[in-house]
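See structure below.
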């Protein structure tokens, strides 16, 4: 799996419930701060339409009624509190785990029922916008503290040896997961505001650059969690921010996933409804499912799958492609229909896909065939492409 998404947020925001509902991993969930001490790792999935629906026969066994789920890595990091960048709370562990992720889903308690450190308060008492501001600040200060180390020496090297600034910055921030391309993009935006050479940057300018590096290297989406009990004005405030905001109810999603797993209902993650299929449910269980059904109608789903999809497809600009051996039947050598699905960066080529499948196949790449058109591909890959790769290896 090449994609890794971190779930971040203050303690008691519903982050671990989100993680469990998305992965069904066995994690501890409790109504007090720092339930999550060590990062939890699991497998979540993005949802997409399966190309097997284009076939007249031989539908694949890797989807549910035409819905395909492609795995990604999910990391439930320790809850964040103010001054995490200087090690307060579990800050060092939080930031160390966060560097592994390409994008962040910030799980925010949209109900306002927990304070900035995750302690329970009355619903609506806390402003969830404060949580977003403090996470941005902690990440920026974390990058700033790393960037500033040895900067006097490094910036002089840039000047004396004519080094590329983005290379030096990326090297300094390797441990924070910043790439050369991300450093270059941040520097381009920074250059529109500051024309000083690197060795003359002061702390305020380096902090501004660190903020741009945060935006480039840690793109973020907001999961407005506990949306079913959140004041309407809280959701409105969040939606006014310059982020994609998805109202979510991790508790409802977890209840549905567990009920589906037990055979009580039929539910596909991301669906707007579910079907009760068991005749052995108690009145209390039926009543609880009825309340969830009403909530799904009100919110347009639990939002969990929508949030994951938005992080991968929108923030990270990924598409799903399907390599096959037999372009007529969409099968591999053993006759399995659409056995594999790969997430690729939009703009990737069939040659890039060949390397993803296997380095040897990439090195021996000759050409690729669009399985739907039965023609050689001379274009970039598109979402849902089924591709036969022809290689010397």
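The values are calculated or read from the model by the stated rules, or taken from the named source; none is laboratory data. Model, not experiment: these values are computed from the prediction. As a convention, Cβ positions derive from the backbone with ideal geometry for all residues, glycine included, and neighbour counts pool all protein chains shown.
Within the stretch 326-340, the set of residues being farther than 28 Å from residue 274 by Cα and either free of Cβ contacts under 8 Å to residues at least 40 places away in the same chain or touching a helix residue (DSSP H, G or I) at 6+ places or on another chain (Cβ under 9 Å) (or both) comprises 330, 332, 333, 334, 335. Reported count of residues in the stretch 332-356, each being in a strand (DSSP E or B) and farther than 19 Å from residue 49 by Cβ, is 1. The number of residues in the stretch 131-156 being more than 18 Å from residue 212 (Cα to Cα) and surrounded by 15 or more Cβ atoms within 10 Å (Cβ to Cβ) comes to 3. Residues of the stretch 165-183 include none that is modelled with pLDDT of 95 or more, more than 25 Å from residue 100 (Cβ to Cβ), surrounded by fewer than 16 Cβ atoms within 10 Å (Cβ to Cβ) and not assigned by TED's automatic domain parsing to the domain that holds residue 106. Taking the listed residues 230, 284, the one that is more than 19 Å from the chain's Cα centre (by Cα), surrounded by 15 or more Cβ atoms within 10 Å (Cβ to Cβ) and over 25 Å from residue 67 (Cβ atoms) is 230, with no other qualifying.
Could you list all residues from the stretch 352-369 that are over 18 Å from residue 3 (Cα atoms) and buried (at least 18 other Cβ atoms within 10 Å of the Cβ)? 361, 365, 368, 369, listed by residue number. May I ask you to say which residue of 266, 257 is assigned by TED's automatic domain parsing to the domain that holds residue 18, closer than 23 Å to residue 24 by Cβ, surrounded by fewer than 17 Cβ atoms within 10 Å (Cβ to Cβ) and touching a helix residue (DSSP H, G or I) at 6+ places or on another chain (Cβ under 8 Å)? Result of the check over 266, 257: 266. Could you count how many residues in the stretch 1-49 are within 23 Å of residue 219 (Cβ to Cβ), assigned to a loop (DSSP other than H, G, I, E, B), in contact with a helix residue (DSSP H, G or I) (Cβ under 8 Å, 6 or more places away or on another chain) and modelled with pLDDT under 90? Number satisfying all stated conditions: 5. In the stretch 373-393, of all residues being touching a residue at least 60 places away in the same chain (Cβ under 8 Å) and in contact with a strand residue (DSSP E or B) (Cβ under 6 Å, 6 or more places away or on another chain), the one that is farthest from residue 49 (Cα to Cα) corresponds to 389. Scanning the stretch 168-175 turns up at least one residue that is closer than 19 Å to residue 217 by Cβ, touching a helix residue (DSSP H, G or I) at 6+ places or on another chain (Cβ under 8 Å) and not in a helix (DSSP H, G or I). Among the residues of the stretch 132-163, those that are in a helix (DSSP H, G or I) and farther than 30 Å from residue 10 by Cβ comprise 151, 152, 153, 154, 155, 156, 157, 158, 159, 160, 161. The condition of being outside the structural domain of residue 14 (by TED's automatic domain parsing), modelled with pLDDT of 95 or more and surrounded by fewer than 18 Cβ atoms within 10 Å (Cβ to Cβ) does not hold for residue 334. Which of the residues spanning the stretch 360-372 are out of contact with any strand residue (DSSP E or B) (no Cβ under 6 Å at 6 or more places or on another chain) and farther than 23 Å from residue 56 by Cα? Passing the criteria: 360, 362, 363. The combined condition, being free of Cβ contacts under 8 Å to residues at least 12 places away in the same chain, more than 30 Å from residue 228 (Cα to Cα) and under 27 Å from the mean Cα position of the chain (by Cα), is not fulfilled by residue 349. Which residues, counting only those in the stretch 97-131, are more than 23 Å from the chain's Cα centre (by Cα) and in a strand (DSSP E or B)? 114, 120, listed by residue number.
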